[in-house]
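A quick write-up on the structure given underneath.
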Amino acid sequence: EKGDFMNSKLNTKEVIMAALLCAIGIMIPMISSLEELRKTKEIINEVKEELREKKIKFDENIKIGIMIEIPAAALIADELAKECDFFSIGTNDLIQYTVAVERGNKKIANLYTHFHPAVIRLIKKAIEGAHKNHILCGMCGEAAGDVTFIPLLIGLGLDEFSMNANKVLNVRKLIRKLDFKECQKLADEVLKLATSEEVEKLLVKYTRGSN
């Protein structure tokens, strides 16, 4: 809709102007295709051109990244990474769309889990796509703050974690104790498992041994 289009341009204008004052970037949510990414970048470039014409200062090199929260995006991560500066894996939605379970539905809440082998393989795919194109891959969502899941994410090569502030100290404490090569071996073992139960059992056992 035209109204949504204009609002998106106004919001983008504010962000790229504010980027002169502090280190911020633009993260685009719900990307499922390269066409969508390119269209969004066109809007950003239009906003930049408007600011240039008005001689308003802004960050010409503001970083543009995307949320990997749809399975389609994870599967074409290597192509998307060629045209953006960073990834952030949004696990809450990625899980929901991968296993077809609404996370707020109590009747089937037991099926909503980041230990699902398919979810883990999509996470791996996203990280590999980012690193293949020399960009960082972070993660936000509840999985990023789960201490049981942290060793696996380290082993898969995740670069950044975003979590609630009350979890930061415990996660830092755990990460300091982890050995990267051992975490890589753990990741290799996890990727061979076929069920969520097997994955969770192995990760719980490993994390307890690391504490």
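Across the protein chains, with a 1.4 Å probe defining accessible surface, the residues Met27, Met163 rank Met27, Met163 from largest area downward.
According to the Kirkwood relation over distinct C-alpha pairs, the hydrodynamic radius of the chain is 18.5 Å. Here Lys54 is the anchor, and the lysines within straight C-alpha reach of less than 29 Å, apart from those fewer than 8 places off in the same chain, are Lys2, Lys9, Lys13, Lys39, Lys41, Lys63.
Phi angles of region 24-37 translate, via the Karplus equation with coefficients 6.51, -1.76, 1.60 and θ = phi - 60°, into HN-Hα couplings of 10, x, 10, 10, 9, x, 6, 6, 10, 8, 5, 4, 5, 4 Hz per residue; Gly and Pro are given as x. Less than 5 angstrom separates the built amide H of Ile89 from those of Ile68, Gly138, Met139, Cys140, all sequence-distant by 5 or more or on a different chain.
Residue by residue, region 47-55 carries 3J(HN,Hα) couplings of 5, 4, 5, 4, 5, 4, 4, 8, 6 Hz when phi is fed to the Karplus relation 6.51 cos²θ - 1.76 cosθ + 1.60 (θ = phi - 60°); x denotes Gly or Pro. On the chain, 52 percent of the accessible area sits on carbon and sulfur atoms, based on a 1.4 Å probe. In the complete set of protein chains, residue-level accessible area for Asp59 is approximately 40 Å², probe 1.4 angstrom. Rounded to the nearest whole Hz, the Karplus-based 3J(HN,Hα) values (6.51 cos²θ - 1.76 cosθ + 1.60, θ = phi - 60°) of region 169-185 follow the sequence 4, 5, 5, 4, 4, 5, 4, 4, 8, 7, 9, 4, 5, 5, 5, 5, 5, with x at glycine and proline. Given a Förster radius of 45 Å and the C-beta distance between Ala165 and Glu53 as r, what FRET efficiency does 1/(1 + (r/R0)^6) yield to the nearest 0.05? My answer for the efficiency is 0.60. Per-residue ellipticity at 222 nm, computed for the chain from helices alone with -39500 (n - 2.57) per DSSP H run of at least four residues, works out to -16500 deg cm²/dmol. Summed over the residues of the chain and divided among them, the accessible surface reaches 57 Å² per residue at a probe radius of 1.4 Å.
The values are calculated or read from the model by the stated rules, or taken from the named source; none is laboratory data. Please read all numbers here as calculations on a predicted model, not as lab measurements. Reconstructed Cβ throughout: ideal geometry from the backbone, glycine too, with neighbour counts over all protein chains shown. When the accessible area is computed, the model is the full protein with side chains, heavy atoms only, and any ligands, DNA or RNA have been set aside. Shrake-Rupley method; radii C 1.70, N 1.55, O 1.52, S 1.80 Å.
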